[in-house]
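Report on the structure given below.
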Amino acid sequence: MRPAPETTPAAPTARRPDPSPAERRQAYLVLAVSTFLFALNHVIVRGVHAHVPPVGLSFWRWVLAALVLLPVVLVGWRATLAVYRAEWRAFVLTGALVVGATTLMMVALNFTTATNAALINATQPVLTVLLSRLVYGVRFGTVQAFGIAIAFGGVLLMVARGDWHTLISLDFRAGDLIALLAMFGFAGYAIRFVRIPHRLSAARALFPMIVAGSVLLLPCYLLESLFHRPVPLTPTSIGAIVSIALLVSCGAMLLWNTGNRLVGANRASIFINLVPVFGVLLAVTFLGERFEPWHLGGMVLIGAGVLLVVRQSPPPVASPVPTRTRD
């Protein structure tokens with residue numbers, strides 16, 4: 001029995017319908033879970049950076065993720081392929097942005113501290129809002145800007161460990177510029193992804209982006225293998241690649257894309273500030289670090305900022321209306 005095609009006629013450009021309260025709650029939950037997995041990604045990458053070269057780690061995590069998603073794509077592949085052909089430029093662009101940004105972040109973690117990386121990571125919501133305004137003219141309100149500022153202040157409090165003099169003494173390095181470029185890539189991906197008329201499920205939409213990004217990354221991986229060092233075939237490298245591919249490249253990205261579609265890039269981006277919160281909780285749980293008062297203060301500020309942003313009604317925006325489908 002031939003599976004029913006999941007495509008529909010191309011949706012017209014229109015105001016994206018506001019999600020229902022139940023859909024918003026679902027979106028916020030999946031966004032929170034995705035940021036937890038992103039925090040876990042930082043821990044894994046930082047832990048194996050001395051053993052696994054960053055570009056090779058990034059390349060194989062995405063290749064493995066594509067292989068995991070391939071069985072989903074093969075079901076009803078003729079209809080899916082038709083959408084890929086129609087939207088290939090958008091998929092190549094978003095694939096280049098997300099794979100490029102994650103690779104840059106992996107490289108940056110080899111040349112900067114975890115503190116600096118956490119601080120730079122907190123700029124993504126600001127960059128997303130600014131790019132949305134500059135590229136698509138999306139408005140943002142005073143409450144949203146205030147929420148982003150409060151959440152950023154919470155990140156600063158945690159990074160500074162309760163002592164603002166720590167921020168003055170931070171040693172910024174070349175890796176910080178690479179990390180900042182990665183944040184521009186993530187922000188660009190977020191605002192572009194929600195405007196693609198995918199007409200596909202989340203898994204089928206993610207697959208061509210991964211393939212396109214991996215193909216573009218292949219020359220960099222070959223150069224790293226030839227002139228720096230190849231990925232070693234060890235339990236450490238295999239464990240890192242498999243863990244990141246399943247938990248982050250598949251799990252976190254599917255969840256993030258789902259939440260991003262429902263509530264928009266600006267609202268979704270504020271959840272990135274939960275990454276240091278989950279990072280602290282992971283460090284306390286698994287590394288035996290102490291939970292300090294500034295951790296609590298930072299978490300309260302971040303939580304308040306997130307609540308301000310998600311409770312504000314988004315302004316009307318013209319964008320393609322995605323068609324929801326099932327696998």
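Kindly establish whether residue 285 is free of Cβ contacts under 8 Å to residues at least 24 places away in the same chain, out of contact with any Gly (no Cβ under 7 Å at 6 or more places or on another chain) and of a type in the set (S, T, N, Q).
On the way: free of Cβ contacts under 8 Å to residues at least 24 places away in the same chain: yes; out of contact with any Gly (no Cβ under 7 Å at 6 or more places or on another chain): yes; of a type in the set (S, T, N, Q): yes.
Yes.
So which of 57, 67 is of a type in the set (A, V, I, L, M, F, W, C) and either more than 27 Å from residue 118 (Cα to Cα) or under 15 Å from the mean Cα position of the chain (by Cα) (or both)? Explain how you work it out, then say what you get.
Values: 57 fails: either more than 27 Å from residue 118 (Cα to Cα) or under 15 Å from the mean Cα position of the chain (by Cα) (or both).
Only one candidate qualifies: 67.
Got a number for residues in the stretch 146-164 being farther than 16 Å from residue 276 by Cα and either part of a helix (DSSP H, G or I) or touching a Gly at 6+ places or on another chain (Cβ under 9 Å) (or both)?
Of the residues in that region, 2 qualify.
Could you check residue 266 against (1) crowded, with 24+ Cβ neighbours inside 10 Å; (2) closer than 17 Å to residue 66 by Cβ; (3) modelled with pLDDT under 95 and say which number it fails?
Only one criterion in (1) crowded, with 24+ Cβ neighbours inside 10 Å; (2) closer than 17 Å to residue 66 by Cβ; (3) modelled with pLDDT under 95 is unmet by residue 266, namely (2).
Looking at the stretch 205-217, which of its residues are closer than 14 Å to residue 102 by Cα and either out of contact with any Leu (no Cβ under 9 Å at 6 or more places or on another chain) or modelled with pLDDT under 95 (or both)?
Within the stretch 205-217, 214, 216, 217 qualify.
Are there any pairs, at least 6 apart or on different chains, whose C-beta atoms fall under 8 Å, with the first in the stretch 294-311 and in contact (Cβ under 8 Å) with a residue 60 or more places away in the chain and assigned to a helix (DSSP H, G or I) and the second surrounded by fewer than 20 Cβ atoms within 10 Å (Cβ to Cβ) and among the charged types (D, E, K, R), and if so, which?
Pairs that qualify, where the first residue is in contact (Cβ under 8 Å) with a residue 60 or more places away in the chain and assigned to a helix (DSSP H, G or I) and the partner is surrounded by fewer than 20 Cβ atoms within 10 Å (Cβ to Cβ) and among the charged types (D, E, K, R), are 294/161; 310/24.
Of all residues in the stretch 73-99, how many are in a helix (DSSP H, G or I) and either of a type in the set (Gly, Ala, Ser) or in contact with a helix residue (DSSP H, G or I) (Cβ under 7 Å, 6 or more places away or on another chain) (or both)? Walk me through it before giving the result.
Here is the first cut: in the stretch 73-99, the ones in a helix (DSSP H, G or I) are 73-74, 77-86, 88-99.
Within this subset, residues satisfying the condition of being either of a type in the set (Gly, Ala, Ser) or in contact with a helix residue (DSSP H, G or I) (Cβ under 7 Å, 6 or more places away or on another chain) (or both) are 73, 79-80, 82, 84, 86, 90-99.
Of the residues in the stretch 73-99, 16 are in a helix (DSSP H, G or I) and either of a type in the set (Gly, Ala, Ser) or in contact with a helix residue (DSSP H, G or I) (Cβ under 7 Å, 6 or more places away or on another chain) (or both).
I need every pair where a residue in the stretch 229-243 that is within 11 Å of residue 64 (Cβ to Cβ) has its Cβ under 6 Å from the Cβ of a residue that is of a type outside the set (A, V, I, L, M), sequence separation at least 6 or different chains.
So the pair list comes out as 241/60; 241/61.
So, in the stretch 100-145, of the ones that are in a loop (DSSP other than H, G, I, E, B) and not hydrophobic (A, V, I, L, M, F, W, C), which residue ends up surrounded by the fewest Cβ atoms within 10 Å (Cβ to Cβ)? Before you say what the answer is, go through the steps one by one.
Applying the first criterion (in a loop (DSSP other than H, G, I, E, B)) to the stretch 100-145 yields 109-113, 122-123, 137-141.
Filter once more, so that each one left must be not hydrophobic (A, V, I, L, M, F, W, C): 110, 112-113, 123, 137, 139, 141.
Details: 110: 14, 112: 21, 113: 16, 123: 19, 137: 9, 139: 13, 141: 13.
Once the filter is applied, the top-ranked residue is 137.
What number of residues in the stretch 243-263 are surrounded by 23 or more Cβ atoms within 10 Å (Cβ to Cβ) and of a type in the set (S, T, N, Q)?
Here the count works out to 3.
Look at the stretch 293-327 and say how many of its residues are modelled with pLDDT of 80 or more, surrounded by 14 or more Cβ atoms within 10 Å (Cβ to Cβ) and either over 25 Å from residue 141 (Cβ atoms) or of a type in the set (Asp, Glu) (or both).
Narrowing the stretch 293-327 to residues modelled with pLDDT of 80 or more: 293, 296-310.
With the extra rule that they be surrounded by 14 or more Cβ atoms within 10 Å (Cβ to Cβ), the set shrinks to 297-299, 301-310.
Subsequent filtering for residues that are either over 25 Å from residue 141 (Cβ atoms) or of a type in the set (Asp, Glu) (or both) retains 297.
Result for the stretch 293-327: 1.
Take the residues in the stretch 146-199 that are surrounded by 15 or more Cβ atoms within 10 Å (Cβ to Cβ), over 30 Å from residue 90 (Cα atoms) and among the β-branched types (Val, Ile, Thr), then tell me which one is modelled with the lowest pLDDT.
Going through the qualifying residues, I end up with 159.
The values are calculated or read from the model by the stated rules, or taken from the named source; none is laboratory data. Source: prediction; values computed, not measured. Quick reminder, even Gly has a Cβ in these numbers, built from the backbone with ideal geometry, and neighbours come from all protein chains shown.
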